[in-house]
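**Q** Dropping a structure here in structure tokens format, bear with me for questions.
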Amino acid sequence: MGAYRDFHRRSIDERAAFWREQAQLIDWREPFAEVLDYSRPPFARWFNGGTTNLCHNAIDRHLATRAGQKALSFISTETGQNRTYTFRDLHAEVNRFAAALGEQGVARGDRVLIYMPMIPEAVFAMLACARIGAVHSVVFGGFASASLASRIDDAQPKVMVTADAGMRGGRAILYKALVDEALRLAQYPPATVVIVNRGIDKDLKTVASRDLDYDSLRDRHMEAKVPITWVESNEPSYILYTSGTTGRPKGVQRDTGGYAVALASSMKHIYCGVPGETMFTTSDIGWVVGHSYIVYGPLIHGMTSVMYEGLPVRPDAGIWWKIVEEHQVNVMFSSPTAARVLKKQDPSYLSKYDLSSLRHLFLAGEPLDEPTHRWMAEAIGKPVIDHYWQTESGWPILSAVHGIERTPIRYGSPSFPVYGYDLKLLRESDGAETAPNEKGVVAIVPPLPPGCMTTVWRDDERFVKTYFSSFRDKLVYSTFDWGIRDQDGYHYILGRTDDVINVAGHRLGTREIEEAVQAHANIAEVAVVGIAHAIKGQIPLAFAVVKDAEKIATSEARDRHELEIMETVDKQLGPIGRPARVHFVAMLPKTRSGKLLRRSIQALAEGRDPGDLTTIEDPGALEQIRLSLQQVRNDS
Ligand code: ATP
Ligand code: MG
């Protein structure tokens with residue numbers, strides 16, 4: 001691992017020289033005076049004094065060489081619409097949007113809240129904000145009015161951009177109606193709402209003094225040329241709220257120059273994309289993955305980005321692979337959940353399409369269990385790269401860096417610390433570094449590299465308190481995830497530090513137990529939660545989805561299966577991790593970004609209220625948990 005090691009070492013030991021080089025990957029209007037100003041730890045100011053612009057780097061700078069190349073390919077299996085924009089088209093659309101926002105008084109530093117389905121206008125709006133130095137805050141379209149209202153009040157946008165509706169699985173979601181409700185709840189509602197009317201909501205209601213139709217605005221600005229607003233590297237480009245899986249969402253603030261450099265560099269070294277090629281990221285623009293690798297990353301790198309509105313299994317489970325074939329996708333980025341969904345489908349969909357253009361599949365967002373990792377890699381016959389990061393980091397923290405060295409992939413592992421990250425695994429009790437194979441908190445010694453969050457929006461104190469106060473006497477960034485490193489330096493994420501079960505004084509990560517359950521051949525997916533127990537403190541309960549439901553058709557078969565699973569855990573992890581019960585369900589409750597709602601499962605199992613469920617994918621899944629718990633209670 002010489003080349004990777006050297007690259008990583010240089011990024012830490014010769015930080016300034018290393019990042020000065022990476023900074024050449026983007027355009028600067030005025031050069032930076034210093035690579036890093038770290039005079040006020042843990043606040044890092046990257047490329048201090050330099051001026052640049054994200055929109056310029058994503059579009060304008062490519063016009064000389066690739067104006068006619070596709071920049072954005074939009075596919076919707078919900079509406080049947082497909083649209084393609086070259087860099088020249090994208091430039092024109094973004095100028096129109098920027099002019100429309102400017103006309104509404106949006107200026108440098110103003111916030112624009114974008115609450116949109118996966119349509120090209122959402123990308124135009126984001127890039128338009130960047131063009132004029134405004135700060136966008138995209139709120140995922142799955143959030144209900146109350147969650148939206150709290151984000152409105154935190155960001156206090158001047159303008160909101162929305163659509164009449166989105167579509168999901170053939171059903172309309174009325175975005176504008178949700179916005180109206182949120183604006184009633186908000187304390188600081190914006191004066192203007194721009195609506196992209198897709199013609200889905202036939203009863204669209206508008207408020208004359210506030211709501212503007214984007215089509216009419218656009219008509220007035222067809223020939224608009226809006227000059228780039230050059231901003232200082234550390235001016236905020238956007239605010240993005242964390243998913244809120246573990247509590248009150250935090251407004252992650254991102255800078256401009258550092259972010260552009262980190263993305264450009266990751267596109268080259270991690271994703272191994274080549275300008276002119278095509279990237280397909282299956283996430284949503286409402287999440288960080290969408291910001292970084294549907295919008296800014298591929299465009300900054302001169303690649304075509306595929307934007308998909310629809311489900312992975314509609315019209316059938318071959319849809320993504322069909323897109324890969326038709327659009328000659330070279331780099332693909334998806335999530336472990338999606339991989340597990342596909343694993344449950346007919347495997348023939350995977351061989352139906354020509355995937356020869358595809359070089360890599362990247363997965364991130366939650367733990368990728370070893371069997372799914374192996375299955376996915378074998379099914380598509382390509383390297384599947386698990387990589388680990390957070391909304392806060394903006395780009396990968398742990399990953400193979402194949403642009404530097406083709407280190408072998410180990411299933412179940414997101415490989416190594418990415419360059420720029422001085423990553424440590426620390427003992428929770430005293431903050432000392434752990435030995436190989438000893439579990440520790442995944443922590444980063446600051447300064448955080450370029451691209452990472454610079455603070456919590458308008459709350460520096462919360463930034464320091466939340467992220468840098470886990471260890472006494474030590475200023476380190478905590479990811480709040482557990483990890484281990486094996487003797488060869490491969491890392492494994494064991495779950496979140498708050499997903500810990502304390503069984504009779506033994507602290508076990510739910511993820512460790514889940515991995516052990518997964519070792520049983522008939523398990524497709526499993527969630528383990530700890531519930532209160534009078535004697536042991538907590539006991540683990542497992543909720544499992546089986547691959548072959550025939551095998552648990554009778555109650556005897558179920559019991560046998562449950563026992564087998566318990567024995568599997570005994571063998572893999574030891575009897576201490578053995579689930580007290582294994583509940584068989586047809587699906588697990590997840591957020592629409594594919595994250596397991598462990599808190600809600602745990603609450604139900606302890607007879608409490610499941611809490612905020614606005615982002616749940618399918619409420620039926622919680623109902624199943626409820627019924628299964630009921631069943632077991634009745635039986636015993
Ligand atoms: P919140 O912070 O509001 O609770 P969240 O942590 O779910 O929300 P994200 O920033 O989208 O929101 O998710 C980052 C987290 O997802 C990581 O901290 C980690 O727990 C998990 N994660 C991401 N990628 C991986 C991966 N490859 N392997 C294991 N876990 C991962
Ligand atoms: Mg988090």
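The values are calculated or read from the model by the stated rules, or taken from the named source; none is laboratory data. This is a predicted model, so every value here is computed, not measured. Because the Cβ atoms are built from the backbone with ideal geometry, glycine has one as well, and the counts that use them run over all protein chains shown.
**Q** Return the total of residues in the range 471-501 being in a loop (DSSP other than H, G, I, E, B) and either out of contact with any Asp or Glu (no Cβ under 7 Å at 6 or more places or on another chain) or at positive phi (or both). Break it down stepwise before answering.
**A** Kept after step one, since they are in a loop (DSSP other than H, G, I, E, B), are these residues of the range 471-501: 471-476, 486-490, 497-499.
Of the ones still in play, those that are also either out of contact with any Asp or Glu (no Cβ under 7 Å at 6 or more places or on another chain) or at positive phi (or both) are 471-476, 486-490, 498-499.
Result for the range 471-501: 13.
**Q** Still on this structure, I have one more. Is it the case that some residue within the range 320-327 is in a loop (DSSP other than H, G, I, E, B) and surrounded by 21 or more Cβ atoms within 10 Å (Cβ to Cβ)?
**A** Within the range 320-327 (the criterion being in a loop (DSSP other than H, G, I, E, B) and surrounded by 21 or more Cβ atoms within 10 Å (Cβ to Cβ)), the answer is no, since none of the residues qualifies.
**Q** With respect to Y490, determine if the residue is surrounded by 18 or more Cβ atoms within 10 Å (Cβ to Cβ), within 12 Å of ligand 1 (Cβ to nearest atom) and of a type in the set (S, T, Y). Break it down stepwise before answering.
**A** Values: surrounded by 18 or more Cβ atoms within 10 Å (Cβ to Cβ): yes; within 12 Å of ligand 1 (Cβ to nearest atom): no; of a type in the set (S, T, Y): yes.
No, not satisfied.
**Q** Inside the range 525-636, counting only helices (runs of 4 or more DSSP H) that do not spill past its ends, which hold 1 or more residues that are modelled with pLDDT under 90 and surrounded by fewer than 16 Cβ atoms within 10 Å (Cβ to Cβ)?
**A** 555-572, 619-635
**Q** Condition test on S470, is it over 23 Å from the mean Cα position of the chain (by Cα), at pLDDT 90 or above, within 15 Å of ligand 1 (Cβ to nearest atom) and among the hydroxyl-bearing types (S, T, Y)? So that I can check it myself, show each step before the final result.
**A** Details: over 23 Å from the mean Cα position of the chain (by Cα): yes; at pLDDT 90 or above: yes; within 15 Å of ligand 1 (Cβ to nearest atom): yes; among the hydroxyl-bearing types (S, T, Y): yes.
Considered against the rule, which asks whether it is over 23 Å from the mean Cα position of the chain (by Cα), at pLDDT 90 or above, within 15 Å of ligand 1 (Cβ to nearest atom) and among the hydroxyl-bearing types (S, T, Y), S470 comes out as yes.
**Q** Looking at (1) among the small types (G, A, S); (2) assigned by TED's automatic domain parsing to the domain that holds F18; (3) within 16 Å of ligand 2 (Cβ to nearest atom), which is the only condition S399 fails?
**A** The one condition S399 does not meet is (3).
**Q** When the residues of the range 340-374 are filtered to those that are modelled with pLDDT of 95 or more and within 16 Å of ligand 1 (Cβ to nearest atom), which remaining residue is farthest from K547 (Cα to Cα)?
**A** H360
**Q** Quick one: which strands (runs of 3 or more DSSP E) sit completely within the range 168-255 and have at least 2 residues that are farther than 28 Å from R599 by Cβ? Give the derivation first.
**A** Numbers: elements: 171-173, 192-196, 211-213, 238-241, 251-254.
Of the strands (runs of 3 or more DSSP E) lying wholly inside the range 168-255, those with at least 2 residues that are farther than 28 Å from R599 by Cβ span 192-196, 211-213.
**Q** Now for a different question. For residues that are aliphatic (A, V, I, L, M), more than 16 Å from ligand 1 (Cβ to nearest atom) and either in contact (Cβ under 8 Å) with a residue 60 or more places away in the chain or in contact with a His (Cβ under 9 Å, 6 or more places away or on another chain) (or both), tally how many sit in the range 430-467.
**A** Residues of the range 430-467 aliphatic (A, V, I, L, M): 432, 435, 441-445, 448, 453, 456, 464.
From what is left, the residues that are more than 16 Å from ligand 1 (Cβ to nearest atom) are 432, 435, 445, 464.
From what's left, either in contact (Cβ under 8 Å) with a residue 60 or more places away in the chain or in contact with a His (Cβ under 9 Å, 6 or more places away or on another chain) (or both): 464.
Adding up the residues that qualify gives 1.
**Q** Right, something else. Give the residues of the range 446-485 that are among the charged types (D, E, K, R) and surrounded by fewer than 18 Cβ atoms within 10 Å (Cβ to Cβ), sorted by residue number.
**A** Going residue by residue through the range 446-485, those that are among the charged types (D, E, K, R) are 458-462, 465, 472-474, 481, 485.
Result: R458, D459, D460, E461, R462, K465, R472, D473, K474.
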